[in-house]
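Colleague: I have a structure I would like to understand better, so I am pasting it below and will then ask my questions one at a time.
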Amino acid sequence: MTVTALNELKAYFERNVLDGVLLQKPNDNNILDYTLVQPAVHMGWIPPNGVLSPENVVTIPCLVVGLDEKESSSDDTTLNLRITVAIYDAGLHKQSGEAMEYASNFEGYITLLNLMDKLEAQVLKDRVFAGKYELASPIKSKLYDEQPYPYWYGQLKFTVTREAYPVTRYEDYL
């Protein structure tokens, strides 16, 4: 159930938040070379101030859909979600004749906030997503205290509820 829920939420974010969004992805760890790609969505958990290694199989830019805590009762199931947002933005790149000029800046901060705002706005707009997960708390947004430039990290935390696990009672029939 839990893995299925996270996969359903992952698909929701891919389809409803990231469709058409293009952000920078570094090429071969060269900060002057990047391509524009749609952010990936992964299922996992990155601890606060944890950092993804660009050499891992995790693609940045991305969202990481993770579970902080789950509570189940006969009435409903509550999932406390942490959506980690990771982007790459080394600075300003512009063509100057045949050469590419580069100047570091803090535009990654703005790009990160814009993506987090887009995610937050969609969740607040839909209130029920993937057909069964209902927003049950305010959305808390936070940037990581330390940013591993040229990567930028933030997170959104919120709670969703869904119907309870189906329970089958056989003792009356045995």
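The values are calculated or read from the model by the stated rules, or taken from the named source; none is laboratory data. Note that the structure is predicted; figures quoted are calculated from it, not measured. Glycine gets a Cβ as well: all are built from the backbone with ideal geometry, and neighbour counts include every protein chain shown. Just so you know, the surface numbers come from the protein's heavy atoms only, side chains and all, with ligands and any DNA or RNA stripped out. Shrake-Rupley method; radii C 1.70, N 1.55, O 1.52, S 1.80 Å.
Colleague: Would you check which residues across region 127-137 are under 18 Å from ASN7 (Cβ atoms) and touching a helix residue (DSSP H, G or I) at 6+ places or on another chain (Cβ under 9 Å) and list them?
Modeller: Those that are under 18 Å from ASN7 (Cβ atoms) and touching a helix residue (DSSP H, G or I) at 6+ places or on another chain (Cβ under 9 Å): PHE129, ALA130, GLY131, LYS132, TYR133.
Colleague: Which count do you get for residues in region 122-137 that are of a type in the set (Gly, Ala, Ser) and modelled with pLDDT under 95? Walk me through it before giving the result.
Modeller: Pass one, region 122-137, residues of a type in the set (Gly, Ala, Ser): 130-131, 136-137.
With the extra rule that they be modelled with pLDDT under 95, the set shrinks to 130-131.
Qualifying residue count for the region: 2.
Quick grid of which residues meet (1) modelled with pLDDT under 90; (2) assigned to a helix (DSSP H, G or I); (3) open to solvent by less than 70 Å² (accessible area, probe 1.4 Å):
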| site | (1), (2), (3) |
| --- | --- |
| LEU6 | no, yes, yes |
| LYS10 | no, yes, yes |
| ASP19 | no, no, no |
| ILE31 | yes, no, yes |
| HIS42 | no, no, yes |
| VAL57 | yes, no, no |
| GLU69 | no, no, no |
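Colleague: May I ask you to list the residues in region 118-150 that are open to solvent by 30 Å² or more (accessible area, probe 1.4 Å), outside any loop (DSSP other than H, G, I, E, B) and under 16 Å from ARG162 (Cα atoms)?
Modeller: ASP126, VAL128, GLU134
Colleague: So which pairs qualify, if the first residue must be in region 114-126 and in contact (Cβ under 8 Å) with a residue 40 or more places away in the chain, the second must be of a type outside the set (Ser, Thr, Tyr) and in a helix (DSSP H, G or I), the Cβ gap must be under 8 Å, and the two must be at least 6 apart or on different chains?
Modeller: Filtered contacts from region 114-126: LEU119/PHE13; GLN122/ASN16; ASP126/ASN16.
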